[in-house]
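The values are calculated or read from the model by the stated rules, or taken from the named source; none is laboratory data. For clarity, every value in this text was computed on a predicted model and none was experimentally measured. Here the Cβ positions follow ideal geometry from the backbone for every residue, glycine too, while neighbour counts run over all protein chains shown.
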Amino acid sequence: MTTSPVYWTQPNEEEFSVKVVECRKEEEAYHIVVSQQVVKPVGGGQAADRGVLATSEKQVPFSEVVENGDGVAIVTAEDIEEGSEVTLILDMNWRKSMMRNHTAEHLFVKSLVDQHEEMELGRIWVDGIHGTVEVSGCHLSSSDIFSAEKKVQKAIADELEVKTHIVSPEDLDESVRAREGVTSKHDRLRIVEIEGSDRSACSGIHVGNTRDIGVFKIIEYRIDDESSHIEFLTGPSALTHLTSTYNQVLGRRYDYPFEMEQLGAILDKSKSMREDYENTIETLLEAVSKGGDYQEAGKASFRAEYLPGIDAKALKDLSNRIEMPKASLLLLFAATEHEGKKKCNVIVRTNAMPEDVSHYAADAVGSLGGKGGGRGEIYTGGFSGQEAPRTLFDSLVKKMKEKLD
C-alpha cells in the first residue's frame, strides 16, 4: 500500500467517487476492489465498514470488507462491471458507533493497564453495536473495572483531542502500546494519540475528540482467577441502556419504597432472602418426600400434595424423591405468582398401575383448562392465569379419584 487509508485521517467522510478496479467471484459472493482505500476491512479487533456501492443502474449494499493483498475487497451479493464509475456511500451510523467504541476501548484498556501492569490483552472486538475486552495475567476486581470506567468518563468530559501520526517501525518507543510483532508486519505504523492519556499503534477508526464518545457504560463482566471478559456500550446505545435500566428501578421505587442510594443494600438483602428461601424450600421438600399419607381410592393408593410457592424445577426434583407403593398414583400441584396471577404446575406419577399415566391425568387436566402430556408412569402439565389455585387443586383431586374408582 503506497498511501494511507483515507479513514485514518478523514474518518467522517461519507461519500466517495471511485472506480471498480476488479470484480471476481468468490464462492457465493463477489469481491470488488475499488480505486481508493476508503473502507475499513475487518481486522485488528474491529468490524468492517458497511455501506452501498451505487451505479447509475443499481445500488449494491455491503456489510463485509476483507483484506486483499495490499488493499481491500468489498464483499457483495451482486457483481459490478470492472471499470464502472460508482459512488461509495458509507453507513455513517455504523461507522461513527465503531469510532466511539474503538476510542473508548483504548481509554478503558489503558486505565486497566495503569492499575495492573502485568495484565495481558486478549481478544478485543469492536463493532457498530458494542465493544468487548478480554484480558488475562491478573485478577481484576469489580472495583478495578468500575474505576477504569470512571476514568473513561472523565476523559470524555475533559474533551481530549485524538491525533493520528504515521511513523516507521523504528520510530516506535516504549510510550506506545503495541501488540507483539506489529513492527515486523508493517513498514509504516499509524499511532493514535489521545491527548495526555494514551498512545497506541492502531489501524482502526477513531473519533477526533473524546467528547464524541458521549457516554461510556460497562454492561456486563465476568471475572475468573486469571482472566476477565468485559462488554460495554457508548453514545446513544449506552444512554438508552442506562435510561431503560434506571426507569425500571425508578418505577419500582414507589411500589416498594426505598431511596436510590439504598439499591445496593436492597439487592444484597434480596440475595440473602433468596438463599434463606431456597434453604427453606429444601427443608420442605425433604419433609414432604419422607412424609405424607396415601389414601385408598378404588383398588389403588392415592396421594395429592398442594405446594404453593414451589417452582417447576423443585417440583420435578420432589417427584423423583418420593417413594411410591405398588398400585399407586401421586399428584403434585404447585402454584407460583406470575404477573399478578397464579401459574400452576402439575406432575402426576404412577407405579404399577394397569393403565398408562395419561389415562388418569390427561382428561382431568384438560377438562379444567390445563395442558400437558406424558407417557408410561409420568405426566407433566400446567395451568396459566389462575385466580383460585386451591379450588383448582381440589377439582383436580376429585376428577382423578373418579378415574381410580
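Keeping to segment 229-250, report how many residues are of a type outside the set (A, V, I, L, M, F, W, C) and either touching a strand residue (DSSP E or B) at 6+ places or on another chain (Cβ under 6 Å) or not assigned by TED's automatic domain parsing to the domain that holds His206 (or both).
Total meeting the criteria: 4.
Check segment 11-31 and report whether any residue there is crowded, with 16+ Cβ neighbours inside 10 Å and closer than 17 Å to Thr164 by Cα.
Checking segment 11-31: at least one residue is crowded, with 16+ Cβ neighbours inside 10 Å and closer than 17 Å to Thr164 by Cα.
Quick grid of which residues meet (1) among the charged types (D, E, K, R); (2) more than 30 Å from Ser227 (Cα to Cα); (3) not assigned by TED's automatic domain parsing to the domain that holds Arg177:
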residue: Glu82; (1), (2), (3): yes, yes, yes
residue: Ser111; (1), (2), (3): no, no, no
residue: Asp114; (1), (2), (3): yes, no, no
residue: Trp125; (1), (2), (3): no, no, no
residue: Thr132; (1), (2), (3): no, no, no
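Among the residues of segment 31-80, what is the count of those that are farther than 28 Å from Arg188 by Cα and touching a Pro at 6+ places or on another chain (Cβ under 7 Å)?
The total comes to 1.
Residue by residue through segment 344-374, note down the ones that are of a type in the set (Lys, Arg), touching a Leu at 6+ places or on another chain (Cβ under 9 Å) and closer than 14 Å to Leu392 by Cβ.
Of everything in segment 344-374, nothing turns out to be of a type in the set (Lys, Arg), touching a Leu at 6+ places or on another chain (Cβ under 9 Å) and closer than 14 Å to Leu392 by Cβ.
If only one of Ala178, Ala155 is surrounded by 14 or more Cβ atoms within 10 Å (Cβ to Cβ), in contact (Cβ under 8 Å) with a residue 12 or more places away in the chain, touching a helix residue (DSSP H, G or I) at 6+ places or on another chain (Cβ under 9 Å) and assigned by TED's automatic domain parsing to the domain that holds Ser228, which one is it?
Of the residues listed, the single one that is surrounded by 14 or more Cβ atoms within 10 Å (Cβ to Cβ), in contact (Cβ under 8 Å) with a residue 12 or more places away in the chain, touching a helix residue (DSSP H, G or I) at 6+ places or on another chain (Cβ under 9 Å) and assigned by TED's automatic domain parsing to the domain that holds Ser228 is Ala155.
Could you please give the count of residues in segment 294-307 that are within 19 Å of Arg390 (Cα to Cα) and modelled with pLDDT under 90?
0
When residues of segment 12-39 are filtered for being under 22 Å from Glu85 (Cβ atoms) and not in a strand (DSSP E or B), how many remain?
Counting residues in segment 12-39 that are under 22 Å from Glu85 (Cβ atoms) and not in a strand (DSSP E or B) gives 7.
Six or more apart or on different chains, Cβ atoms under 7 Å: show the pairs whose first residue is in segment 200-228 and free of Cβ contacts under 8 Å to residues at least 40 places away in the same chain and whose second is acidic (Asp, Glu) and outside any loop (DSSP other than H, G, I, E, B).
Glu220/Glu231
Give me the residue from segment 283-293 that is in a loop (DSSP other than H, G, I, E, B) and either within 40 Å of the chain's Cα centre (by Cα) or small (Gly, Ala, Ser) (or both) and, out of that set, farthest from Arg390 (Cα to Cα).
Result: Gly291.
Out of all the residues in segment 133-150, which are part of a helix (DSSP H, G or I) and surrounded by fewer than 18 Cβ atoms within 10 Å (Cβ to Cβ)?
Ser142, Ser143, Phe146, Ser147, Lys150
Among the residues of segment 224-282, count how many are hydrophobic (A, V, I, L, M, F, W, C), surrounded by 11 or more Cβ atoms within 10 Å (Cβ to Cβ), assigned to a helix (DSSP H, G or I) and under 22 Å from the mean Cα position of the chain (by Cα).
Total meeting the criteria: 4.
Being of a type outside the set (Ser, Thr, Tyr) and part of a loop (DSSP other than H, G, I, E, B) is the filter here, so list the residues in segment 201-223 that pass it.
Passing the criteria: Cys202, Gly204, Ile205, His206, Val207, Gly208, Gly214, Val215.
State the number of residues belonging to segment 308-320 that are in contact with a helix residue (DSSP H, G or I) (Cβ under 7 Å, 6 or more places away or on another chain) and either assigned to a strand (DSSP E or B) or closer than 20 Å to Gln295 by Cβ (or both).
Count: 1.
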